[in-house]
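Worksheet for the structure shown next.
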Amino acid sequence: MKKTQVVFAVACAVVLFAAGPATAQEQSADNIFVATVQKMRMPEGGRNAERDSLLQLYHEQVTKKNTHIISQRALQHLYGADNRDLVWITEYKDWASVEAATKMDTELFEKYWKDAESRRQFNRMLNKYFAEHSDELYSERTKLRK
């Protein structure tokens, strides 16, 4: 079994290196993906239903209205060593769209939660369900798409 895993890893490495670096033209045509991994936690007195409704509210009022976001997927951990993972994969046309989407997120957030206190309250309510997070940036290798 171990030998099979090593052979598979070497085969994957060969495929990646054989594909070679993307040219500037390819990179400009490929979309940008931001993968955010959040570690969920359950605070004392917290409820999954509350967390999910807060995420849904933000999704409806901000993410879905942001015209710079091509797509977004929320992936909840299903099986494995750490069941706290919530992974967001957000797709953008290019780096300028990432920057524009960040600005638009802020504008939409401030439009729905009109005053600073309501924004602080929402953030407090939602953030109690999450610990640390990481953000990773990726570009798609379109020639390897199925």
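Read-outs: derived from the displayed coordinates by stated rules, not from any lab. Just so we're clear, the structure is a prediction, and the values are computed from it rather than from any experiment. Cβ: placed from backbone, ideal geometry, glycine included. Neighbour counts: every protein chain shown.
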Which of the strands (runs of 3 or more DSSP E) contained wholly in segment 31-138 include at least 2 residues that are among the aromatic types (Phe, Trp, Tyr) and surrounded by 12 or more Cβ atoms within 10 Å (Cβ to Cβ)?
85-92
Residues within segment 57-71 that are of a type outside the set (Ser, Thr, Tyr) and either in contact with a helix residue (DSSP H, G or I) (Cβ under 6 Å, 6 or more places away or on another chain) or within 19 Å of residue 133 (Cα to Cα) (or both), tallied:
7
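Which one of 82, 115, 94 is of a type in the set (D, E, K, R), under 12 Å from residue 32 (Cβ atoms) and more than 15 Å from the chain's Cα centre (by Cα)?
Numbers: 82 fails: under 12 Å from residue 32 (Cβ atoms); 115 fails: under 12 Å from residue 32 (Cβ atoms).
Every option except 94 fails the conditions.
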Among (1) farther than 25 Å from residue 41 by Cα; (2) in contact with a Leu (Cβ under 8 Å, 6 or more places away or on another chain), the one test that residue 77 misses
(1)
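Tell me yes or no: at least one residue of segment 82-99 is touching an Asp or Glu at 6+ places or on another chain (Cβ under 8 Å) and free of Cβ contacts under 8 Å to residues at least 24 places away in the same chain.
no
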